[in-house]
Amino acid sequence: MIELKGSAWLDAEGGRMGRWEFDPSSLEAWSFGELFRKLRELTGRSGKLLADYVGVHRAQITRWEQGKSLPRPEHLEAITEFLREHRPARISGELWEEALEQLRRKAGFAQDPLLVEISRCLARWEDPRTAQASREVLRTVRDLFLTLQAADEFVRQRQWEQAMWSLQEAEIRLPSGFSNRMQLEICRRKSFVSYRLLRYDQAMAEAEHTLQLAEKAGDWVSRGDILIFRGDLYRRIGQFERARKDFEEALICYERARLPEGERARARARCYRKRAVTYLFQGWPMRASRELQQAQLALEQARETDGRAIEEEQDKILQVRGWMLLQIGRVDEAISIHVEVVSRLKRHYLQNPGLDPWGMAKALRYLGDAYWAARSYEKAQRSYMEAREICMQIHRDGRDTRLLEALIELGLGRIAMNQGQPTEARDHLVRAARFIRGLRIDSRFPEVLMELANLAWQMKSPQVPGMEMSVQDAIDMARARFREFKNWSYYAQSLILSTEWFLDDIEDDAKPEDWNIVMDLLDELKGLVFDQDRVREMVPEALPGARLVDEIPLLFYHLAIANLLRARLGLRLGWINEAITAFHEAVRAVCPLGDAFLSEIIARIHRLAEHVAPEVRAEIMKNLELWMRTREGWCSRGVFPQGISDGKPPSG
């Protein structure tokens, strides 16, 4: 006799042993194959009939029953339906469902608890007057859940179109007036998949609908999550103020939600970190620094929650901090942070190879940028190449990696140009252009476009390779977007590039009237440096008298470069005193940024001085030595001196 705890299903001859009083513990010792065979035998159906139903060979059924292999999810679903349809009359539906769930668990595919409960309810009704209608409702719910599960599986496999079809099918299956929670879940999934399909308008509409459903349900956690999602979407398309507003509202939602304190603190850290990112996209590192401080404080309060989740958030905060340090010129510190993040991520991936490698690719790209800024070109190249390999891997899995790959190719192109390899640089440039084609609504598009234009100019190409656009049109388009995004650091850089190209064109035929063009650039940059209105527009709570350069320190560097362009033209025109004055102001401008920037400006002055008469070079070097002795006063104040030259050409 084959016995279970407290009862038997069949005796040795297959006779009836009475009603099966199910005890869950009675099946724990059984393997999948043993339970599968016994359930099939109880139905009285042959293995051949089951094989035809599932769509496999009869031998495959035997292998499963002998425990030599386990069925795939789609086969297990078909097996479950077959067994459910052929339930023995002597065993109640509810108890049979318990056995089917045990079968799923032993195969490694435990069903959603809600689906299990629905299946039990389907088998529970005995009253013929209510059973039919009730079963129809529950079958609809079960089918709806299965459709959502299929959509989730497509999402895990990065099959976005198939996921959207499943979600649309679920929406059709959803009865009118049905659960607000179910509508919310479908809309939330649709907004995410629309985003992955780059259908931003549709994603925004679905997000708005989801917010309304969450508010109606009083679900503050879901509302906070979707606000985070919509904020990311606004950030992606360059609407940074709206993004920050959504992150701030999400912060309020999480405070109102009934969450454990540690989980609430982690959500708070995420909101502050994302606000910091929006400021960095606009080139406002000091604002980002303040948000990161809040994020770190919040994370310190979440130490009692899931340790791995805390580590992931800490890694993200560190990455953003490294990015921020690059924007204020603290390159060595940025490298240390990015090296630490990459090391930690590699350790995590070694421990769990199933982790999503997207974060590693981004971390390596950030590290490459930091090495590039430090002029460590070989290390930068290794980091970029490693990031590119990961991108190729996740691109095959369906992830949209175009923007990240474009930034990597630009980094490799800069290195190739620096190493005197124009052909290789052009190849990288063409690949970068191919990646960003069609991404013009992305907030990082103008940055990439400016880099493409600059590399093309260095290669003496009037057109941006891979794009139907002239170099000048590319830089003009990028500058317009920088102004729209209020990214004044990149805006200043685009102005400098245009002026530098102009000086390259007139190098052998400079005229006094060309001076005004350079001075127009210098005047606009001075206006940016000391502008207070733009600060108040961006940050209404800023302290009175705050200047744009207090928020964007790299404007000091851009102003120094503009003065070097002014000195370059002055030397070409023979206006030596004016050139020396411009050199002086370049050194003074960059002093507050520290020795690394100062060394770069001095090196540029030396290169310009190599092409003038010996007596002029001697005069420049004598003044440079004098300025270096007096620079301590400028640097200690940490502010740009207001008493600068008006830049007028010398009379006579």
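The values are calculated or read from the model by the stated rules, or taken from the named source; none is laboratory data. Predicted model, so just to flag it, every value in this text is computed and none were measured. Heads up, the Cβs are rebuilt from the backbone with ideal geometry, glycines too, and the neighbour counts pull from every protein chain shown. The area values use the complete protein model at the heavy-atom level, side chains included, leaving out ligands, DNA and RNA. Shrake-Rupley method; radii C 1.70, N 1.55, O 1.52, S 1.80 Å.
Assorted remarks:
- Residue pairs whose Cβ atoms lie under 7 Å apart, separated by 6 or more positions or on different chains, with the first residue in the stretch 556-574 and among the basic types (K, R) and the second not in a loop (DSSP other than H, G, I, E, B), are R566/V518; R566/L522; R566/A582; R568/L503; R568/L608.
- Test: residue in the stretch 174-184 that is more than 18 Å from P73 (Cβ to Cβ), at pLDDT 80 or above and in contact with an Asp or Glu (Cβ under 9 Å, 6 or more places away or on another chain): yes
- Qualifying positions in the stretch 99-111 - touching a residue at least 12 places away in the same chain (Cβ under 8 Å) and either surrounded by fewer than 19 Cβ atoms within 10 Å (Cβ to Cβ) or closer than 26 Å to F154 by Cα (or both): L100, E101, Q102, L103, R104, K106, A107, G108, F109
- Only one of the numbered conditions (1) over 23 Å from K274 (Cβ atoms); (2) aliphatic (A, V, I, L, M); (3) crowded, with 20+ Cβ neighbours inside 10 Å is violated by A214, and that is (1).
- Filter result for the condition that a residue is of a type outside the set (D, E) and buried (at least 20 other Cβ atoms within 10 Å of the Cβ), over Q294, Q314, Q319: Q319
- Any hit, the stretch 581-589, residues being among the polar types (S, T, N, Q), over 44 Å from the mean Cα position of the chain (by Cα), modelled with pLDDT of 90 or more and open to solvent by less than 60 Å² (accessible area, probe 1.4 Å): yes
- Qualifying residue in the stretch 60-76 (condition: part of a helix (DSSP H, G or I), under 18 Å from F32 (Cβ atoms), open to solvent by 40 Å² or more (accessible area, probe 1.4 Å) and modelled with pLDDT under 80): yes
- Within the stretch 34-55, residues that are polar (S, T, N, Q) reach partners that are open to solvent by 60 Å² or more (accessible area, probe 1.4 Å) and part of a helix (DSSP H, G or I) with beta carbons closer than 9 Å, at six or more positions or on different chains, in the pairs T43/E85; S46/R58.
- Test result for R431, basic (K, R) and buried (at least 19 other Cβ atoms within 10 Å of the Cβ): yes
- Qualifying position, being modelled with pLDDT under 85 and buried (at least 23 other Cβ atoms within 10 Å of the Cβ), among I436, I408: I436
- Matching residues, the stretch 15-48, being surrounded by fewer than 16 Cβ atoms within 10 Å (Cβ to Cβ) and modelled with pLDDT of 85 or more: G44, R45, S46, K48
- Among residues of the stretch 332-359 being at pLDDT below 90 and among the aliphatic types (A, V, I, L, M), the one that is most open to solvent (accessible area, probe 1.4 Å) is L350.
- Residue among R256, R189, R264 that alone is free of Cβ contacts under 8 Å to residues at least 40 places away in the same chain, of a type in the set (K, R), open to solvent by 40 Å² or more (accessible area, probe 1.4 Å) and farther than 30 Å from F482 by Cα: R256
- Taking the criterion of being β-branched (V, I, T) and outside any helix (DSSP H, G or I), the only residue of the stretch 311-354 that qualifies is I328.
- Test: residue in the stretch 155-172 that is in contact with a Leu (Cβ under 6 Å, 6 or more places away or on another chain), on the phi < 0 side of the Ramachandran plot, modelled with pLDDT under 75 and not aliphatic (A, V, I, L, M): no
- Against the test of being in contact (Cβ under 8 Å) with a residue 24 or more places away in the chain and more than 19 Å from the chain's Cα centre (by Cα), the options Y366, Y384, Y377 yield a single qualifying residue, Y377.
- Taken over the stretch 441-456, residues that are acidic (D, E), assigned to a helix (DSSP H, G or I) and either under 16 Å from E468 (Cβ atoms) or modelled with pLDDT under 85 (or both) amount to 0.
- Residue in the stretch 396-409 that is under 30 Å from R156 (Cα atoms), among the aliphatic types (A, V, I, L, M) and without any contact (Cβ under 8 Å) to a residue 40 or more places away in the chain present: no
- A89 satisfies every condition listed in (1) open to solvent by 80 Å² or more (accessible area, probe 1.4 Å); (2) under 28 Å from A150 (Cβ atoms); (3) modelled with pLDDT of 75 or more except (2).
Residues checked against (1) modelled with pLDDT of 90 or more; (2) of a type in the set (D, E):
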site	(1), (2)
E541	no, yes
L564	yes, no
A567	yes, no
N577	yes, no
L598	no, no
